[in-house]
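The values are calculated or read from the model by the stated rules, or taken from the named source; none is laboratory data. Remember, it's a predicted structure, so these values are computed and weren't measured experimentally. Neighbour counts run over all protein chains shown; Cβ positions are idealised from the backbone, glycine included. Protein only, heavy atoms only, side chains kept; ligands, DNA and RNA dropped before computing areas. Shrake-Rupley method; radii C 1.70, N 1.55, O 1.52, S 1.80 Å.
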Amino acid sequence: MGNSAFQPKAPLILWGRATSVNVQKVMWALAECSVSYDRREAGGRHGVVDSDAYASLNPNRRIPTLVHGDLVLWESAAIVRHLGRCFGEPLLVSGSAEQRLRAQAVADQWMDWASTTWMPAFSAVFWQKVRLPREQRDARVLATQSVALEAAAKLLNSHLSAQAWLGGDRFSMADIPVGATMYRYFSIDIERPALPAVQAWVERLQDRPGYREYVETSYDELRAPDR
């Protein structure tokens, strides 16, 4: 890409398929910011990621990739953070400098928790229950990861029992990484503990147009055929 100074108002291009939960995080964040962009299909049945041209943007050959003027970013949480810094509310909490720093720290905490604790367990369970053909599923992996997912869900429920949103008293980028998995978490065929605070949080998320449009969508194309 070029070497000119980065312009926050530069055009945005998002590479990735709409059925990817990581791409859904970014589409939801863009909707919250009311920012227009051009989404280009990549990944899964669309291919593209194996091309040298795509690898020049994202050497991991994964999705999503955001091209924002001369800036190229990959990793969904990093992209969401970038959008918050560029466009502010509603992804970032406004207020004094101290309030903004505290809010950013809490958001970073929960976004990292989503990557290190929630997503490994959720993704493993989702693959075992949805994406893998039955003959390739591993009951031991499912059992182990289900325990980890339940523990994470209970922790999430405890936190949300004391406040409406992950970052505090208002929606912010903190809610997006875990929130983007909630439609799938509550619709796959697994046993779940009682999670009243999480369910109430999801109901609040459902009031947000970006969540309804980009997260509450069919993932049937990801299902492995029963064999």
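Looking at the P(r) of the range 101-203, how many percent of alpha-carbon pairs lie beyond 25 Å?
For the range 101-203, the share of Cα pairs beyond 25 Å comes to 21 percent.
For the range 1-85, state which trypsin sites (Lys or Arg not before Pro) are in a DSSP loop and have at most 10 other beta carbons lying within 10 Å of their beta carbon.
Lys9
If you take every DSSP beta bridge whose two residues both sit in the chain, what share of them, in percent to the nearest 5, is antiparallel? Before the final figure, lay out the partial values.
Numbers: 9 of 12 bridges.
Approximately 75 percent, going by the DSSP bridge assignments.
If a paramagnetic tag sat 7 Å from the Cα of Gln163 along the Cα-Cβ line, which residues of the range 102-120 would have the backbone N under 16 Å from that point?
102-114
Quick one: pull the percent of accessible area on the chain belonging to carbon and sulfur, 1.4 Å probe, ligands and nucleic acids left out.
Working: 5630 of 11400 Å².
Here it works out to 49 percent.
So, R0 is 45 Å and r is the distance between the beta-carbons of Val141 and Lys9; what FRET efficiency does that work out to, to 0.05? List each step's numbers first, then the result.
On the way: r = 46 Å, r/R0 = 1.02.
The value I calculate is 0.45.
The range 198-222 to the range 41-98: how many Å between their Cα centroids?
21 Å
Using the Cα gyration tensor of the range 1-142, with a ≥ b ≥ c the square roots of its eigenvalues, what is the shape: rounded (a/c below 1.5), prolate (a/b larger than b/c) or oblate (neither)?
On the way: a/c = 2.43, a/b = 1.29, b/c = 1.89.
In terms of gyration-tensor shape, oblate.
Just the number please: accessible area per residue for the chain, 1.4 Å probe, all protein chains included, in Å². Mind dumping the intermediate values first?
Details: 11400 Å² over 227 residues.
On a per-residue basis, the chain sits at 50 Å².
Hey, got the Cα dimensions of the range 114-170 along the principal axes, in Å, largest first?
Largest first, the range 114-170 extends 46, 17, 16 Å along its Cα principal axes.
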